Amino acid sequence: MKQNFSDLATLLARGISHCRMYFVGHPNVEAAAQEAKALLGPLLERKQLDAFVLGVVDDKLIHEGKYLVGPTIVGSRLTRFASLLQGGGFTILPAVSARELKTFFVLAAETGESLPSLAAAQELFRQRDLSNITINPPYHDENTLTDAADEHLRKNHIAELMPVYRSLFDTVEQSHQNAGRDRTLDIDGARSAGESLVKASTNHLTDIMTLVDYPDFDSYTVGHSVRVAMLAVLVGREAGLPDSVLAELSAASLLHDVGKGKIPPEVLFKPGRLASEERRIIETHPAIGAAMLLESGDAGPLAVATAWGHHRRHDGGGYPRMPYASHVSELTQLVHVCDVFEALTAIRPYKKALTPRDAFEIILRDRGAYSPLAVTALKRAVGLYPPGSHVVLSTGQRAVVTSAGLRMEAPRVRITHDTTGAELPADEWSELDLAAADTEATVARLLIGV
């Protein structure tokens, strides 16, 4: 997949987050700096640019008048850093070194108070020898974003949903950081984030699920838990759960992997097959997470049960291993199947994303692993094309899936592009039920990563 400036901005956010989660000399921090350095030059050469100018406007990241959705979702520390510096973003020159980028990450991670002026911030950069990274002055032009970018925000409700998604992301990130540093978990923060997701999903479920497609710095920890929470709310709503239970389920899903904060990163982030001892270490995270939640004194029973039991099989297997039969609640088993479905359908550094069809085939082949009720609810809620998915129809039109349909292969969609691939104005978008008797259109293919 061809990389772009959005990927570069995400790498900057990744480096800052790794500094906060681990320590300055950690290999993950070094890797983020090296990757960003390696990516910058080819991008500038391909675009014939002299520097990478990353703007910050209204807490959003922009580049060349375009709103960088994915980096903005995961880059709250980056936009906050610019604000504390009294600036409007950063300019990075091609001569920047990995050392300078690491210094930039550290400053962003450690700066907690506003500097008195932009001049003071620029002096701080000079003192830290950041000669190839400069702070941009604040933007004063109301037309900084292009009309197309503004239209993108309006049509997809992204601007109003961004605080919700960021609260989910920040909750999981902070929880893993607290776990890794033996700090108290913020249970109330997780509840608040869970309630916000449930409230937002009432009217904007499709738009919330669309955000799942955007990249994050760590697909198998922070972003994974956010997506599991979204899926759990989607499936739970389809199953008819009341909002009060959905909020608990959402918070429990956000915290279900919190025990991974105590797993050594060289094991947790290992891209290849784990050795037996590494597997044993990984399999301790459910018990560790449940213990931390119990010790907090504030976690509800669903959060504790989900952390402990989300790798327990319906037939009694899985881990933590028990010397006797143990019951796992249906809500925990719902999170279990959402956890596996997300892992199968998400892109990882070491694998491609599977289609929902392939994921369901794997899940259904593993007899006894999952609650039949949970699998049925997942199939009804997601179908073969999860809400928020981008698809191409047999007519050549492009569309966004709004909900599962009466048949798994025939969802309800919102047509956003005509047969030539041109994007339609928002007032010309139309809804279509592909299962309707008078509809001949079908899904031709699923677009991944759009």
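The values are calculated or read from the model by the stated rules, or taken from the named source; none is laboratory data. Keep in mind the model is a prediction, meaning the values are calculated, not measured. Glycine gets a Cβ as well: all are built from the backbone with ideal geometry, and neighbour counts include every protein chain shown.
Details
- For segment 307-323, a tally of residues being more than 21 Å from R367 (Cα to Cα) and either among the charged types (D, E, K, R) or at pLDDT 95 or above (or both) returns 2.
- Being farther than 19 Å from V340 by Cβ and of a type in the set (V, I, T) is a property that V304 has.
- From the options A404, A353, A343, A359, residue that is among the small types (G, A, S) and not assigned by TED's automatic domain parsing to the domain that holds H256: A404
- Whether a residue is acidic (D, E), touching a His at 6+ places or on another chain (Cβ under 9 Å) and within 27 Å of S329 (Cα to Cα) was assessed, and E283 passes this test.
- Among residues of segment 337-394, those that are part of a loop (DSSP other than H, G, I, E, B), of a type in the set (K, R) and more than 30 Å from A32 (Cα to Cα), counted: 1
- Only residues that are touching a Ser or Thr at 6+ places or on another chain (Cβ under 7 Å) and exposed (fewer than 14 other Cβ atoms within 10 Å of the Cβ) were counted across segment 415-430, and they come to 1.
- Flag if T184 is of a type in the set (S, T, Y) and modelled with pLDDT of 95 or more: no
- Residue match in segment 94-112 (condition: among the charged types (D, E, K, R) and surrounded by fewer than 16 Cβ atoms within 10 Å (Cβ to Cβ)): yes
- Residue under evaluation V96, criteria (1) farther than 15 Å from A33 by Cβ; (2) outside any helix (DSSP H, G or I), criterion not met: (1)
- Residue within segment 311-322 that is assigned to a helix (DSSP H, G or I) and surrounded by fewer than 23 Cβ atoms within 10 Å (Cβ to Cβ) present: no
- Helices (runs of 4 or more DSSP H) contained in segment 253-303 and holding at least 2 residues free of Cβ contacts under 8 Å to residues at least 12 places away in the same chain, closer than 21 Å to L185 by Cβ and more than 23 Å from the chain's Cα centre (by Cα): 285-296
- If you go through segment 9-68 and keep only what is in contact with a Ser or Thr (Cβ under 7 Å, 6 or more places away or on another chain), at positive phi and modelled with pLDDT of 85 or more, you end up with just D59.
- Filter result for the condition that a residue is in the same structural domain as K66 (by TED's automatic domain parsing), assigned to a helix (DSSP H, G or I) and modelled with pLDDT under 95, over A82, A120, A109: A109
- With respect to being surrounded by 21 or more Cβ atoms within 10 Å (Cβ to Cβ), among the hydrophobic types (A, V, I, L, M, F, W, C) and touching a His at 6+ places or on another chain (Cβ under 9 Å), A399 fits the description.
- Residues that are closer than 26 Å to G223 by Cβ and not hydrophobic (A, V, I, L, M, F, W, C), drawn from segment 296-326: S296, D298, G300, T306, G309, H310, H311, R312, R313, G318, Y319, P320
- Flag if G388 is touching a residue at least 60 places away in the same chain (Cβ under 8 Å) and either touching a Leu at 6+ places or on another chain (Cβ under 8 Å) or over 23 Å from H204 (Cα atoms) (or both): yes
- Sole exception among (1) under 16 Å from I135 (Cα atoms); (2) crowded, with 19+ Cβ neighbours inside 10 Å; (3) in contact (Cβ under 8 Å) with a residue 60 or more places away in the chain for V53, by number: (2)
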